[in-house]
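Undergrad: Please read through the structure below; I'll follow up with questions.
All of the numbers you see were taken from the coordinates with simple rules; none came from a lab. Just so it is clear, the structure is predicted and the values come from calculations on it, not from any experiment. Cβ: placed from backbone, ideal geometry, glycine included. Neighbour counts: every protein chain shown.
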There are 2 protein chains.
Amino acid sequence: MRLLFYTAGSNAESWLEALRRVLPEAHIDGWPSALAGEADYALVWKPPVELLRALGQVKAIFNLGAGVDSVPDVFALPPDVRLVRLEDAGMAEQMAEYVSHAVLRRYREFDAYAEQQRLSEWRQRPRRPKSEFIVGILGLGVLGTAVATALAPFGFPLRAWSRTHKLLSGVATSTGMSELDGFLAGVRLLVCLLPLTSQTQGLLDRARLSRLPQGAYVVNVSRGGLLIDDDLLVLLDNDRLAGATLDVFRDEPLPPEHRFWHHPRVTLTPHVSAVTLVEESVAQIAAKIRCLEAGRPITGVVGREYGY
Amino acid sequence: MRLLFYTAGSNAESWLEALRRVLPEAHIDGWPSALAGEADYALVWKPPVELLRALGQVKAIFNLGAGVDSVPDVFALPPDVRLVRLEDAGMAEQMAEYVSHAVLRRYREFDAYAEQQRLSEWRQRPRRPKSEFIVGILGLGVLGTAVATALAPFGFPLRAWSRTHKLLSGVATSTGMSELDGFLAGVRLLVCLLPLTSQTQGLLDRARLSRLPQGAYVVNVSRGGLLIDDDLLVLLDNDRLAGATLDVFRDEPLPPEHRFWHHPRVTLTPHVSAVTLVEESVAQIAAKIRCLEAGRPITGVVGREYGY
């Protein structure tokens, strides 16, 4: 079996070391490679278009991340080639940690208490009724479900919205563009976990964000392209929204001159909410390769019509 | 039935309104009262000693909080008078929120990321192995158990230490003073949820805190008297401990000149981790009064020999 491996990241050696250990029977080529056309499988992160064009009758392309927006020109790939994204692979737990922290921080007003500490001010703030602190999750895939499951024991009222109809115990779900505005109305803290596709690009614009109630919070942990930065900034500046916790951005690294860096209502992190874990990811990909070799179906195959 | 009510807090009217609604059959006297000696039950928060001395054949004294260190001279009360503390009454969920936030914040280094944001520094920090981030809980009563239960789904390795032997699924428990040092060794984040008694006063001194590994964190959410402030400060100053999250203090409000206010490694809040909720507490006390009137046993009766 022949694998073609490429990552735009800096940790290629970790991947290769793990792949050799878990799939000792495979020949692994790097890119560029004259043998790309003979690869049975490609494992890629942010591959150049030339790599994809050089592939021959590959059985599957594994994306080394959950979001396949990193694969250029998905629609140009031959339709019978499986494009496979990572599912969970240790990311769900990390995402549950990150979002739970953000929700608890906003609900319990720890930022306000940090400011009081700076001012040596001893003052107990009135507690907001939890029943009114509705957390709304955009996207109810593996990560959205993990976040909802993590928040449920804390007693937050939970809503989720997804493209296709989904059910999750203890979560009020809604579906499709016609129900999006109704979903947003009343959500005190919005968590964005949607994939970036042609349909979700720029979804969180001024009109949609304005459906949130006065003083709501926005947490974006999926892709920066879902959010119109300037629209969010206007709503933060004019007091319509109380704050944003942002881990992902249109341009990464976030340019030094971007207003997000020093906006008093923005908490940002450098795309660390859920990082790809090499060991877990390689184990998952190897298991899927063995399934395919045995002629069995696998999960995580990207639906080309929706782009995720 | 005659109740004597006293609180040192500012919300007496909320308590009285709820008591009249839930126990309409009761006569409620305030303090001072010439009828204190005829009270069947006393409901008190930080009562003066004179109030306790004025009580006659009271059937129970209900403390309007979880910690009965607020009742002066517990040992001087007639031994046959039940002293009853609040159990949970909405505090467990709040405590789970507060401690989960503190643990996630330290584990995921959100303070370091806040500093990076201040410096416009885009840098992903290496993730610490969760298997090494052992959370140790001192005290495994209602609140300690709630905290352990909240942290378990996040996958933190959990330990707990308590005076009496206790078992909790997924938590490595240890018991008694002889096992305390062994418990502390290896704990990356220590959560103190012990009651303040003559045995726990000053428990967290320099020797005990020095058993924690280099770079550990301390979270105190029970009572300030458990901790020797200057010992903690020495260990923070000399880099033995990485940080402390403190909600409770020897003197409250924390005096303006105290070093905790502006220490770069101290995050503090003004005793808000778990506040007494009037509705829930009155419902619990009323239910216990009805039990006692019917001759049935109740939980939450303070063991005088241990003081909690």
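Undergrad: Just to check I understand the Karplus step: with θ = phi - 60° and J = 6.51 cos²θ - 1.76 cosθ + 1.60, what whole-Hz values come out for segment B:58-68, glycine and proline as x?
TA: Values per residue, Gly and Pro as x: 6, 7, 6, 10, 9, 7, 7, x, 7, x, 8 Hz.
Undergrad: I would also like to ask the following. How long are the semi-axes of the equivalent ellipsoid of chain A, taking √(5λ) for every eigenvalue λ of the Cα gyration tensor, in whole Å from largest down?
TA: Semi-axes from the Cα gyration tensor: 39, 20, 18 Å.
Undergrad: Describe numerically, in nm with one decimal, the distance between label points set 7 Å from Cα along Cα→Cβ at B:ALA12 and at B:LYS130.
TA: About 5.0 nm, to one decimal.
Undergrad: Can I ask one more? List the pairs from B:LYS166/B:LYS288; A:LYS130/B:LYS166; B:LYS130/B:LYS166; A:LYS130/B:LYS46; A:LYS166/A:LYS288 whose alpha-carbon separation is above 30 Å, in the order I gave them.
TA: A:LYS130/B:LYS166
Undergrad: Okay, next question. Beyond 46 Å, what share of the Cα-Cα pairs of the protein assembly as shown is found? Please give it as a whole percent. Write down the numbers at each step before the final one.
TA: Working: 50724 of 189420 pairs.
Tail fraction, whole percent: 27.
Undergrad: Something else now. Return the sequence-ordered ³J(HN,Hα) values of segment B:136-141 in whole Hz as given by the Karplus equation 6.51 cos²θ - 1.76 cosθ + 1.60 applied to θ = phi - 60°, using x for Gly and Pro.
TA: x, 10, 8, x, 10, x
Undergrad: Counting other Cβ atoms within 10 Å, keep those with at most 10, restrict to DSSP loop, and tell me which GluC sites (Glu not before Pro) in segment B:13-101 are left. Display every interim value, and only then the final one.
TA: Working: sites: B:GLU13, B:GLU17, B:GLU25, B:GLU38, B:GLU50, B:GLU87, B:GLU93, B:GLU97; in loops: B:GLU25, B:GLU87.
For GluC sites (Glu not before Pro) across segment B:13-101 that sit outside H, G, I, E and B with at most 10 neighbouring Cβ atoms in 10 Å, the list reads B:GLU25.
Undergrad: Can you list, shortest first and in nm, the gaps between the label point of B:PRO126 and those of its counterparts in the other copies, using a point 7 Å from Cα in the C-beta direction?
TA: 4.9
Undergrad: Separate question: For peptide B:117-130, how many partner chain Cβ atoms fall within 10 Å of a residue's Cβ, on average? Walk me through the numbers before you get to the answer.
TA: Values: counts 10, 2, 1, 8, 4, 11, 3, 6, 3, 0, 5, 0, 0, 4.
Mean partner-chain Cβ count within 10 Å for B:117-130: 4.
Undergrad: A further question follows. Residue by residue through segment A:193-208, what is 3J(HN,Hα) from phi via Karplus (6.51 cos²θ - 1.76 cosθ + 1.60, θ = phi - 60°)? Round to whole Hz and write x for glycine and proline.
TA: Listing the rounded values in order: 10, 7, x, 8, 9, 4, 7, 9, 3, x, 4, 8, 9, 4, 5, 5 Hz.
Undergrad: Could you give the distance between the Cα centres of segment A:157-216 and segment A:218-243, to the whole Å?
TA: If we compute the Cα centre of each part, the gap is 14 Å.
Undergrad: Same structure, new question: Quick check on the protein assembly as shown: helices-only [θ] at 222 nm, where DSSP H runs of length 4 and up contribute -39,500 (n - 2.57) each and the sum goes over total residues. Nearest 500, please. Each step should come with its number before you reach the end.
TA: On the way: 18 runs with 174 residues, N = 616.
Helix-only estimate at 222 nm: -8000 deg cm²/dmol.
Undergrad: So what is the relative contact order of segment A:1-57, in percent, for Cα pairs below 8 Å that sit 6 or more residues apart? Display every interim value, and only then the final one.
TA: On the way: 74 pairs, mean separation 27.9, N = 57.
Worked out over segment A:1-57, it gives 49 percent.
Undergrad: With an 8 Å Cα cut-off and a minimum separation of 6 or more residues, compute the relative contact order for chain B in percent. Could the numbers behind the result be given before it?
TA: Values: 525 pairs, mean separation 51.8, N = 308.
Computed value for chain B: 17 percent relative contact order.
Undergrad: What does the copy distance list look like for A:CYS291, label position 7 Å along Cα→Cβ, in nm and ordered from shortest?
TA: 5.1
Undergrad: Which of these, B:ALA152, B:ALA274, B:ALA216, has the largest mean-square fluctuation under a Gaussian network model of chain B (Cα springs below 10 Å)?
TA: B:ALA152
Undergrad: Put a dot 7 Å past each Cα toward the Cβ at A:ASP230 and B:ARG250; how far apart are the dots in nm?
TA: It works out to 5.7 nm between the two label points.
Undergrad: So what is the relative contact order for segment B:91-268, in percent, with contacts set as C-alpha pairs under 8 Å and at least six apart? Each step should come with its number before you reach the end.
TA: Values: 289 pairs, mean separation 29.4, N = 178.
Dividing the mean separation by the residue count of segment B:91-268 yields 17 percent.
Undergrad: Something else now. Beyond 23 Å, what percent of the Cα pairs of segment B:1-122 remain? Working shown, then result.
TA: Working: 3351 of 7381 pairs.
So the portion of pairs separated by more than 23 Å is 45 percent.
Undergrad: Right, another one. Give the average, rounded to an integer, of partner chain Cβ atoms located within 10 angstrom of each Cβ in B:97-110.
TA: On the way: counts 9, 3, 1, 7, 9, 3, 2, 9, 4, 0, 2, 7, 2, 8.
The mean count of partner-chain Cβ atoms within 10 Å per residue comes to 5.
Undergrad: Please build a GNM for chain A, connecting alpha carbons under 10 Å apart, and tell me which residue among A:LEU204, A:LEU35, A:LEU227 fluctuates the most.
TA: A:LEU35
Undergrad: Calculate log10 I(q)/I(0) of segment B:91-268 for q = 0.13, 0.15 Å⁻¹, where I(q) comes from the Debye formula with a single equal point scatterer on each Cα and nothing for solvent.
TA: Those come out to -0.63, -0.85, one per q.
Undergrad: Got the A:GLN57 label distances to the other copies yet, label 7 Å along Cα→Cβ, in nm, shortest first?
TA: Here A:GLN57 shows inter-copy label distances of 9.8 nm.
Undergrad: What residue among B:SER162, B:SER210, B:SER120 has the largest mean-square fluctuation in a Gaussian network model of chain B, using Cα springs under 10 Å?
TA: For chain B, modelled as a Gaussian network with Cα springs under 10 Å, the answer is B:SER120.
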